[in-house]
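Student: For reference, the structure I am asking about is given below.
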Amino acid sequence: MDLDSIAENIRNKKEFEVFLKELKLDFETNKENWENFTLAKFLEGISAYTEDLEGYYKNMKIPFDRENPTWKVFADILLGAKIYE
C-alpha cells in the first residue's frame with residue numbers, strides 16, 4: 001500500500017504509528033523523490049504545509065476542524081512536508 005492510501009485511511013493512533021514507520025521506510029528507500037530530504041528542509045516543509053493546510057482542505061471540500069486536528073491531519077502534514085516548499 002502506498003503512503004497516500006495509508007494516510008487516507010488513518011482513523012486512530014495505531015494507524016498513525018504504522019504510517020510513521022512507512023514514511024521512514026519511504027525516506028530510506030526513495031530519498032531521491034523527497035524534495036525536503038534534510039531535517040531543516042523537512043521542518044520548513046512542515047511549517048509551510050501547516051500554514052496552508054486549511055486552504056487546501058477548503059479547496060478540496062474536505063471537512064477540517066482547526067481546533068481538533070485528527071491523526072489523519074498530522075499524517076497529511078508530514079506527507080505534504082516531503083515535497084512542499
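Student: Would you pick out the residues in the range 10-43 that are within 27 Å of ASP65 (Cβ to Cβ) and either more than 14 Å from the chain's Cα centre (by Cα) or in contact (Cβ under 8 Å) with a residue 40 or more places away in the chain (or both)? Don't jump to the end; show me each part of the working.
Tutor: Kept after step one, since they are within 27 Å of ASP65 (Cβ to Cβ), are these residues of the range 10-43: 10-23, 36, 42-43.
Residues satisfying the conditions are ILE10, ARG11, ASN12, LYS13, LYS14, GLU15, PHE16, PHE19, LEU20, LEU23, ASN36, PHE42.
Student: Using the structure shown, decide if TYR84 is of a type in the set (Ser, Thr, Tyr), outside any loop (DSSP other than H, G, I, E, B), on the phi < 0 side of the Ramachandran plot and out of contact with any Pro (no Cβ under 6 Å at 6 or more places or on another chain). Step through it out loud before you land on a result.
Tutor: Working: of a type in the set (Ser, Thr, Tyr): yes; outside any loop (DSSP other than H, G, I, E, B): no; on the phi < 0 side of the Ramachandran plot: yes; out of contact with any Pro (no Cβ under 6 Å at 6 or more places or on another chain): yes.
In short, no.
Student: Of the residues PHE27, PHE37, only one is of a type in the set (Phe, Trp, Tyr) and in a loop (DSSP other than H, G, I, E, B); which?
Tutor: Numbers: PHE27 fails: in a loop (DSSP other than H, G, I, E, B).
After applying the criteria, what remains is PHE37.
Student: Residue under question is TYR84, and the condition is that it be of a type outside the set (D, E, K, R), in contact with a Gly (Cβ under 6 Å, 6 or more places away or on another chain) and either surrounded by 12 or more Cβ atoms within 10 Å (Cβ to Cβ) or within 25 Å of LYS13 (Cβ to Cβ) (or both); does it hold?
Tutor: yes
Student: Since LYS61 meets every condition but one in (1) touching a helix residue (DSSP H, G or I) at 6+ places or on another chain (Cβ under 9 Å); (2) outside any helix (DSSP H, G or I), which condition does it not meet?
Tutor: Of the numbered conditions (1) touching a helix residue (DSSP H, G or I) at 6+ places or on another chain (Cβ under 9 Å); (2) outside any helix (DSSP H, G or I), the odd one out for LYS61 is (1).
Student: If you don't mind, another one. When both residues are 6+ apart or on different chains and their Cβ atoms are under 8 Å apart, which pairs have a first residue that lies in the range 56-72 and is touching a residue at least 60 places away in the same chain (Cβ under 8 Å), and a second that is surrounded by 14 or more Cβ atoms within 10 Å (Cβ to Cβ) and assigned to a loop (DSSP other than H, G, I, E, B)?
Tutor: THR70/ILE10; TRP71/ILE10; LYS72/ILE10
Student: Taking ASN68 as the residue in question, decide whether it is of a type outside the set (A, V, I, L, M), out of contact with any helix residue (DSSP H, G or I) (no Cβ under 9 Å at 6 or more places or on another chain) and part of a helix (DSSP H, G or I). So that I can check it myself, show each step before the final result.
Tutor: Numbers: of a type outside the set (A, V, I, L, M): yes; out of contact with any helix residue (DSSP H, G or I) (no Cβ under 9 Å at 6 or more places or on another chain): yes; part of a helix (DSSP H, G or I): no.
For ASN68, the condition - of a type outside the set (A, V, I, L, M), out of contact with any helix residue (DSSP H, G or I) (no Cβ under 9 Å at 6 or more places or on another chain) and part of a helix (DSSP H, G or I) - is not met.
Student: Check ASN33, ASN9 and return the single one that is loosely packed, with under 12 Cβ neighbours inside 10 Å and not acidic (Asp, Glu). Before you say what the answer is, go through the steps one by one.
Tutor: Details: ASN9 fails: loosely packed, with under 12 Cβ neighbours inside 10 Å.
When all the criteria are applied, what remains is ASN33.
Taken together, the values in this text are just the output of simple stated rules run on the coordinates, not laboratory data. Please read these numbers as outputs of a predicted model, since none were measured by experiment. Please note: Cβ atoms are built from the backbone with ideal geometry, for glycine as well, and neighbour counts cover all protein chains shown.
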